[in-house]
Amino acid sequence: MEKINIGGQAILEGVMMRAPRAMAIAVRRPNGEIVVKREQMPPLSERYPVVKLPILRGAVALFTSLILGIKALNFSANEALEEEVDENGESKKEELTSWALAGTMAVAFGFGIALFFFLPLYLTKLLVPIIGDHNVIFNLVDGVIRVIIFLIYIWSIARMNDIQRVFQYHGAEHKTIFAFEAGAELTVERVKTFSRLHPRCGTSFLLIVMLVSIGVFSLIPKTWLFEYKALSRVVLLPLIAGISYEFLKWSAKNDQHPLVKLVITPGLALQRLTTREPDDDQIEVAIRSVKEALDENGGYADDRLVV
């Protein structure tokens, strides 16, 4: 059997793990019980071979990951809620609907576009009298401002208690995947010895996206109106994601290449903010999630996933 590649995502009080043809979500309820949801996920390329094409497959992967992430967050949010007891002694729990969470995610996505793409563009425009309007310089400054805003944002949310819990599960996810990739026994004591910093982390992917965006946005004519430049930031996101995905796949197979080491080093450093050392209970949840995903996957292997 070929080596199976696993990716994952930290969620509320739990971890979602993806195998090539399946996914599993493990969440610890307030009473300490671990609840699991498993689902078969045949690759979209089996029905639509065109999505195997380079660049396009990265854009599709980003879109499907967003959908899956919403589903995983919805499940974890509902399971992690405290159950209340009414006057009749019956338990009741207000669950978040998929539409409510999808709406929240849509607002968050719009906020992210405005914060990380529109705001840097606007600030760079204000700096034109100082930096000039050369396309390369303009987009380089735009990219630097974007990275600074991103780092300030990560540093700010990392100080929130609830987010720190998610970051601990993020660390548990990385440690478990490292242990699986090393062929180690998936026990709490063994998994906790591995690093919480993983080169295929989505945090590193975001930094790659920002670097790629500098080059792609430099191709936009400087004569375009500000409104067209802002709209192009959204329209070109799938292309940027696709190129970044191809680099990530290449870097996973060439992790000793000097260019790869240079690019992933900032991402690993940033993970010191986006991950925390997990406790034993959190590692147990991550282990349960990966085992359930592998069991549901049934032995298939496919492309490498983002951790």
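Treat the count of other C-beta atoms within 10 Å as a stand-in for reagent exposure and order I177, I148, I113, I208 from fewest to most.
Details: I177 25, I148 12, I113 15, I208 21.
Neighbour counts put them in this order, fewest first: I148, I113, I208, I177.
Report the residue, chosen from L53, L236, L248, that carries the largest GNM mean-square fluctuation when the chain is represented by alpha-carbon nodes joined by springs under 10 Å.
Answer for the Gaussian network model of the chain: L53.
When volume of the Cα convex hull per residue in Å³ is calculated directly from the model, which label among (i) 131; (ii) 110; (iii) 158 fits?
(iii)
Which value at 222 nm does the chain reach when only helices count, each DSSP H run of 4 or more adding -39,500 (n - 2.57), with the total divided by all residues and rounded to the nearest 500 deg cm²/dmol? The partial results should precede the final answer.
Values: 12 runs with 179 residues, N = 307.
So the helix-based figure for the chain works out to -19000 deg cm²/dmol.
Can you work out the Karplus-derived ³J(HN,Hα) for every residue in the range 286-292? Use 6.51 cos²θ - 1.76 cosθ + 1.60 with θ = phi - 60°, whole Hz, and x for glycine or proline.
Calculated HN-Hα couplings, in order: 5, 5, 4, 5, 5, 5, 5 Hz.
Using the Karplus curve 6.51 cos²θ - 1.76 cosθ + 1.60 with θ = phi - 60°, what ³J(HN,Hα) values do you get for each residue of the range 228-234, in whole Hz, with x for Gly and Pro?
5, 5, 5, 5, 5, 4, 7
Once you have the Cα-Cα distance between R272 and V35, take 0.36 nm times their residue separation minus that, and quote the gain in nm to one decimal. Please list the in-between numbers first.
Values: separation 237, 0.36 × 237 = 85.32 nm, distance 2.87 nm.
Answer, rounded to one decimal: 82.4 nm.
Please report how far the C-alpha centroid of the range 172-186 lies from that of the range 1-68, rounded to the nearest whole angstrom.
17
Can you list the residues of the range 205-227 with backbone N under 18 Å from a point 7 Å past the Cα of V144, pointing along Cα to Cβ?
In the range 205-227, the label zone of V144 (backbone N under 18 Å from the point 7 Å along Cα→Cβ) covers 210-218.
Compute the distance in nm between two label points, each set 7 Å from the Cα along the Cα-to-Cβ direction, one at V128 and one at I70.
3.6
If you build a Gaussian network model of the chain, linking Cα atoms that sit under 10 Å apart, which residue out of P199, P129, P42 swings the most?
P129
Test of understanding: ordering T203, T64, T275 by Cβ neighbours within 10 Å, fewest first, what list do you get?
So the residues, fewest neighbours to most, are T64, T203, T275.
Every number here is computed from the coordinates shown, using simple stated rules; none is lab data. Computed from a predicted model, the values in this text were never measured in an experiment. Reconstructed Cβ throughout: ideal geometry from the backbone, glycine too, with neighbour counts over all protein chains shown.
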